[in-house]
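Worksheet: the structure to be examined is printed underneath.
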Amino acid sequence: MKNRLKVLRAERDWTQADLAAELDVSRQTINAIEKGKFDPSLPLAFKASRLFDLPIEDIFQYAPEMNDTGKTKASE
Amino acid sequence: MSTSIPDGQKLEGRLKRSTQKLFIWTFVWLLSTALVAFGPKLLWDFNIFASSIALAMNVLLGIKMIWANKQHLEEMDEMQQKIQFNAMAVSLAATFVLGTAYGLLKPAGLLASTPSPSNIMFVMGISYIVTLIINTIKYQ
């Protein structure tokens, strides 16, 4: 899943720690989400949506994972 | 930036408190385990009543420790929980598979002495810590 957390955070001049405190998660979790290593739960996505005052789909976009051949895992 | 969450209620503060509680209950349980292990021989000369009380106390303190661990896990955020649960799953599976194999060593004639169940604790602890480290690095 892709997301715009880093951009939205930068626009507001917030650090990862600031955003983490606001969403009540650890800074490591924010870092992992921004890097696309961890997908947040629906409640956390809603929390971010409320915080940035944006629809969820403007923050998180579904992007199927690609394998080495460029195919999505779901299509295999 | 000031957050809407009071300082005392922040994740780090909550985790610190739950970790302290878990440490205290684990330490107390460990002491009671030592009491059950060494008390009968060194303190009360195998008195059945004293041993029963010590054992009951050990189990009750163990339950309290499990409860403190559960509360500690509940205080974590979702990624921290995922890392912990993955480590627990791998630890459980490794313990099951290697514990079964270990138990079969004597019947298979590969081990002269009777396998000690306490050795399984090492498999559990090591597999848990190794998976915890791997998953923590994975999400960094």
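Residues whose amide H comes within less than 5 Å of that of A:Asn3, counting only those at least five positions distant or on another chain, are A:Gln61 (H built at 1.01 Å from N in the peptide plane).
Axis angle, to the nearest 10 degrees, between helix B:11-42 and the longest C-alpha principal axis of chain B: 10 degrees. Loop-located chymotrypsin sites (Phe, Trp or Tyr not before Pro) across segment B:18-48 with a Cβ neighbour count of 10 or fewer within 10 Å are B:Phe46, with loop assigned by DSSP. Exposure proxy ranking for A:Phe52, B:Phe49, A:Phe46, based on other Cβ atoms within 10 angstrom of each Cβ and starting from the fewest, stands as B:Phe49, A:Phe46, A:Phe52. Against the main long axis of the alpha-carbon atoms of chain B, helix B:120-138 sits at an angle near 20°.
Both the radius of gyration and Dmax for segment B:77-140 are 14.8, 48 Å, in that order, over alpha-carbon atoms. Computed from Cα atoms, the angle from the helix B:78-103 axis to the main principal axis of chain B rounds to 10 degrees. For segment B:13-124, the convex hull spanned by the alpha carbon atoms encloses 118 Å³ per residue. In plain terms, if you count all Cα to Cα distances in the protein assembly as shown and split them into 5 Å steps from zero, the share in each step is 1, 6, 9, 12, 13, 13, 11, 9, 8, 6, 5, 3, 2, 1, 0 percent. In this structure, B:Phe38 and B:Leu60 have a Cβ-Cβ separation that, at R0 = 22 Å, corresponds to a calculated FRET efficiency of about 0.70. Once the Cβ-Cβ distance of A:Asp53 and B:Trp67 is raised to the sixth power relative to R0 = 30 Å, the FRET efficiency obtained is 0.15.
Residues considered: B:Thr95, B:Thr19, B:Thr114. Largest GNM mean-square fluctuation over chain B, using C-alpha springs under 10 Å, is found at B:Thr114. Projecting label points 7 angstrom from Cα along Cα→Cβ for B:Ser116 and A:Leu42 puts them 5.1 nm apart. The Cα center of segment A:1-39 and the Cα center of segment B:121-140 differ in position by 25 Å.
A short reminder: the numbers here are calculations on the coordinates, not readings from a lab. In this text, all values refer to a predicted model and were calculated from it rather than measured experimentally. With ideal geometry, Cβ positions are generated from the backbone for all residues, glycine too; neighbour counts draw on all protein chains shown.
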